[in-house]
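Chemist: I am attaching a structure below and will ask some questions about it afterwards.
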Amino acid sequence: ALGNTALMAQFGIEVAPLAALAEALRAQGASVMHLAVDAKLAGLLAVSDPIKATTPDALKSLRAAGLRVVMAPGDGLTTARAVGQRLGIDEVHGEVKPADKLELVARLQAEGKRVAMAGDGINDAPALAAADVSFAIGAGSDIAIEAADMTLLRNDLMSVADAISLSRLTLRKIRQNLFFAFVYNALGIPLAAAGMLNPVIAGAAMAMSSVSVVSNSLLLKRWQANQS
């Protein structure tokens with residue numbers, strides 16, 4: 001049998017002899033699996049994922065944008081905290097099952113928070129569907145991609161920071177364009193009603209309104225994704 005402590009407990013296998021070693025491995029950021037042979041503990045297998053080089057900068061960008069970062073993996077709490085400590089993430093949850101992730105999203109929403117969820121696995125799908133906005137990593141499972149609002153092509157967290165940055169910039173342009181669209185009308189309609197607006201000037205103002213909106217929108221082309 002190969003699995004976590006819960007699996008060993010199902011088979012009645014004592015894990016205490018290697019408990020200290022297992023905890024030490026978890027403190028280094030590894031997930032630990034117990035190996036049992038003939039109903040006796042035979043050893044441990046430690047597995048860890050390297051932190052992507054872009055992740056620290058991505059988290060820095062998310063915090064700079066005013067976002068609160070929460071880490072909720074399925075790994076054990078000790079392992080999750082070790083990784084969280086390396087990345088400077090204070091709010092870390094461990095051994096989070098799919099239902100727990102969904103409950104975490106619902107709890108944050110009940111506190112009045114707007115929740116953005118990023119994930120790539122089958123166990124992330126319920127939380128991705130429930131979040132206010134959700135991001136699936138392109139290399140993730142099909143069900144995660146189906147449940148998410150947005151699928152990111154690059155397989156790193158910087159894509160999430162870029163998507164949020166571009167979305168906020170686009171929304172700002174929409175508001176600016178609404179101002180350009182209404183300001184000409186707000187100035188022109190009273191003058192036209194009073195008979196003080198020449199039709200030629202009115203036509204020019206209408207054209208300038210369209211030029212202003214299109215030109216302002218084209219400024220979005222200057223935005224560039226962070227390629228670090």
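The values are calculated or read from the model by the stated rules, or taken from the named source; none is laboratory data. None of these values were measured; they are calculated from a predicted model. Here Cβ is always computed from backbone atoms with ideal geometry, including for glycine, and neighbour counts include all displayed protein chains. Just the protein is used for accessible areas: all its heavy atoms, side chains included, with ligands, DNA and RNA removed. Shrake-Rupley method; radii C 1.70, N 1.55, O 1.52, S 1.80 Å.
This table checks each residue for (1) within 30 Å of residue 226 (Cα to Cα); (2) modelled with pLDDT under 90; (3) exposed (fewer than 12 other Cβ atoms within 10 Å of the Cβ); (4) not charged (D, E, K, R).
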| site | (1), (2), (3), (4) |
| --- | --- |
| 1 | no, no, no, yes |
| 14 | no, no, no, no |
| 21 | no, no, no, yes |
| 24 | no, no, no, yes |
| 31 | no, yes, no, yes |
| 36 | no, no, no, yes |
| 60 | yes, no, no, no |
| 72 | yes, no, no, yes |
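Yes or no, residue by residue, for (1) in contact with a Leu (Cβ under 7 Å, 6 or more places away or on another chain); (2) over 30 Å from residue 5 (Cβ atoms); (3) small (Gly, Ala, Ser):
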{"position": "56", "(1), (2), (3)": "yes, yes, no"}
{"position": "60", "(1), (2), (3)": "no, yes, no"}
{"position": "63", "(1), (2), (3)": "no, yes, no"}
{"position": "69", "(1), (2), (3)": "yes, no, no"}
{"position": "72", "(1), (2), (3)": "yes, no, yes"}
{"position": "77", "(1), (2), (3)": "no, no, no"}
{"position": "83", "(1), (2), (3)": "no, no, no"}
{"position": "87", "(1), (2), (3)": "yes, no, no"}
{"position": "92", "(1), (2), (3)": "no, no, no"}
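Chemist: Tell me the residue from 150, 117 that is open to solvent by 20 Å² or more (accessible area, probe 1.4 Å), farther than 23 Å from residue 220 by Cα, under 14 Å from the mean Cα position of the chain (by Cα) and of a type outside the set (Gly, Ala, Ser), please. Step through it out loud before you land on a result.
Modeler: Working: 150 fails: farther than 23 Å from residue 220 by Cα.
Every option except 117 fails the conditions.
Chemist: Do any helices (runs of 4 or more DSSP H) entirely within the range 1-102 hold 2 or more residues that are closer than 20 Å to residue 118 by Cβ, and if so, which? Working first, answer last.
Modeler: Values: elements: 5-10, 19-27, 55-64, 77-87.
The helices (runs of 4 or more DSSP H) meeting that bar are 55-64, 77-87.
Chemist: While we're looking at this one, here's another question. Quick test of your reading of the structure: residue 156 fulfils all but one of (1) in a helix (DSSP H, G or I); (2) open to solvent by less than 50 Å² (accessible area, probe 1.4 Å); (3) charged (D, E, K, R). Name the failing condition by number.
Modeler: All conditions are met except number (1).
Chemist: Identify, from the list 127, 161, 136, 144, the residue that is outside any helix (DSSP H, G or I), open to solvent by less than 20 Å² (accessible area, probe 1.4 Å) and either in contact with a Ser or Thr (Cβ under 9 Å, 6 or more places away or on another chain) or touching a residue at least 12 places away in the same chain (Cβ under 8 Å) (or both). Don't jump to the end; show me each part of the working.
Modeler: Numbers: 127 fails: outside any helix (DSSP H, G or I); 161 fails: outside any helix (DSSP H, G or I); 144 fails: outside any helix (DSSP H, G or I).
Selected residue: 136, the only one of 127, 161, 136, 144 that is outside any helix (DSSP H, G or I), open to solvent by less than 20 Å² (accessible area, probe 1.4 Å) and either in contact with a Ser or Thr (Cβ under 9 Å, 6 or more places away or on another chain) or touching a residue at least 12 places away in the same chain (Cβ under 8 Å) (or both).
Chemist: When you go through (1) open to solvent by less than 50 Å² (accessible area, probe 1.4 Å); (2) part of a helix (DSSP H, G or I) one by one for residue 225, which number turns out not to apply?
Modeler: (2)
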